[in-house]
Amino acid sequence: MTKPAYSEIPQPMDADTAVTAPPNKQREVIVIGGGMAGLSASIYLGRALRDVLVIDAGESLARWEPDVQNYFGFAHISGEELIKRGHEQAKHYGVEFAKDEIIEAHSEDGVFRLKSKEHTYSARRLLLATGVYHLPPRIPEVDACIGHSMFFCKDCDGYRVQDRQVLIVGTNDVAVEYALGILLYTASVTIATNGGTPNWSPQHDAWVKEYKVPVYLEPITAVEHEKGCMNCIQFGADKRITVDFLFTTRGDVFHNKLARSLGAELDEEGQLVVDHCQRTSVPGFYAAGCVTPANCQMIIAAGNGATAAQAINRDLFEESLATHSLRRHREKQLRTEQTDLQPAPR
Ligand SMILES: Cc1cc2nc3c(=O)[nH]c(=O)nc-3n(C[C@H](O)[C@H](O)[C@H](O)COP(=O)(O)OP(=O)(O)OC[C@H]3O[C@@H](n4cnc5c(N)ncnc54)[C@H](O)[C@@H]3O)c2cc1C
C-alpha cells in the first residue's frame, strides 16, 4: 500500500478497533488519543482495573518513524510496531477502544461529555493525549522523505546525520539553533529560508555569521530522492545542492481544541499547562504527551501517560473513599464471602 500524504493520513476503519462497547455508557476514564501517551496511560489504567475507553482517530505521529532508535529497550523498532504492541498490551488488560474522532467536549456536574460525528461518550475523568502536528515545509514532493531523510526533531534524529550534508529549512531562531546544534554531528550544515525572509534575532544572525553557516534565500522548487532518501535540492530553475538530510522548523499545531472548549489553561504556544501529575487547570481533566510542554519524544510521551494514569487512579480511589463506593464494594465482597461459607444443603 502506498504511504498516504503526510497532511491527509487516511485511516481505514479497522474492525479490531471499531467501537467495542455502547458509546453512551458512562466510563470511569476516557482517554482521547491512542498514540504513545494514550496507550501507555491505558495500560496502567487497565491494570488498575479501571473501566477505560480509548477513543482514537488513528493518526499517531509515531507511525511516521520507520526506525526508532531512542526508545529504551529497543535498538531498532518502527513506530507503527510500538503502537501495535501497545494496543495489544492494553487490550490484554481489558481496555476498550473506539476508532473515532471527538469533535466536541464539555463538562457538567463532574462528568465529561464528548461528541463525535455519530456518537456521544461520557466519563468521570478525562485524559487528553491528542498530540501535535508538525507543519511540513512547503516543498513539492517532500512527503515521501518524511521519517527517512526529512525530520522535525534534532534530538530524535541528529545522531543519524553524522558526517552527512544537512539542510535546515526555516526562517526563525529555531532554524539557526538547529543549524548550530547539528554542527556537533557534521561539518556540512546549510540553512534554506525557502523564499522567506530571515526573521531570526540579531544574536542569531551574528551566530550564523560567526559560525559561517551558508544561507540560501531562494524558494526550493524540487527535491530529488530515491525511495525517500534525499540526494539533492533544487532552488529556482537550475541551482542544485547535494543534501542527504533535511530538518524543518516551520512550527507545530497542538491538538488543543477540546481542551480550549473545556476551559483549560494553555501556554503561549498552545500547549496544555499541566502540573507534575499531568493535571490540567480543570478538575478531573488530565493531559499527556506532545499536547503538553513535554519535549516531544516517544518515551517522554509514554512516561507522561503513565504518570497521568497513576494520578487518575489515585484520584478515583480517593473519590471512592469520599463517596463510600469502596465501602459498598466491600460490603458486597463480605456478603459473597458469607454466602460462600454457608454449609452446603443436605
Ligand atoms: C517523522 C517523525 C519521526 C519521529 N521520530 C521519532 C523518534 O525517532 N523518536 C522519538 O522519540 N520520537 C519521534 N517522533 C515523535 C513521536 O512520534 C511523538 O513524540 C509521539 O508520537 C507523541 O506521542 P503522543 O501520544 O503525544 O501523540 P501521538 O502519538 O501523535 O498520538 C496522538 C493520537 O491522538 C489522536 N487524536 C488527536 N485528536 C483526536 C481527537 N479529537 N479524537 C480522537 N483521537 C484524536 C491521533 O489520531 C493520534 O492517534 C517522530 C515524529 C515524526 C513526525
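Each reported figure results from applying straightforward, stated rules to the coordinates on display, with no laboratory input. Please read these numbers as outputs of a predicted model, since none were measured by experiment. Positions of Cβ are generated from backbone atoms using ideal geometry, with glycine treated the same way; all protein chains shown enter the neighbour counts.
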Listed by chain and number, the lysines with an alpha carbon less than 27 angstrom from that of Lys239, same-chain partners under 8 positions apart left out, are Lys154, Lys209, Lys212, Lys227
Counting only DSSP loop positions in region 241-346, the GluC sites (Glu not before Pro) whose Cβ has at most 12 other Cβ atoms within 10 Å are Glu265, Glu268, Glu269
Protection proxy (average C-beta count within 10 Å per residue), highest first, orders 157-166, 194-203 as 157-166, 194-203
For region 292-332 the trypsin sites (Lys or Arg not before Pro) that pass both the DSSP coil test and the at-most-13 other-Cβ-within-10 Å test are none
The set of residues whose placed amide H lies less than 5 Å from the amide H of Ala57, leaving out same-chain residues fewer than 5 positions away, is Gly33, Gly34, Asp100
Here the relative contact order (percent) of the chain, from C-alpha pairs under 8 Å and at least 6 apart, is 19
Per its Cα gyration tensor (rounded if a/c is under 1.5, else prolate when a/b beats b/c, else oblate), the chain is best filed as prolate
Interchain or sequence-distant (5+) residues whose placed amide H lies within less than 5 Å of the amide H of His225 are Asn231
Scoring region 37-123 by relative contact order with C-alpha pairs under 8 Å, at least six apart, yields a percentage of 28
Quick calc, region 49-111, dipole around Cα centre from Cβ unit charges on Lys, Arg (+) and Asp, Glu (-), nearest 20 debye, gives 400
For region 142-248, the dipole about the Cα centre with charges only on Cβ (Lys and Arg +1, Asp and Glu -1), to the nearest 20 debye, works out at 140
Counted neighbours (other Cβ, 10 Å), sorted fewest up, put Cys153, Cys229, Cys290, Cys145 in the order Cys229, Cys153, Cys145, Cys290
As straight-line cross-link partners of Lys115, the qualifying lysines (C-alpha separation under 22 Å, not fewer than 8 residues apart within one chain) are Lys25, Lys99, Lys257
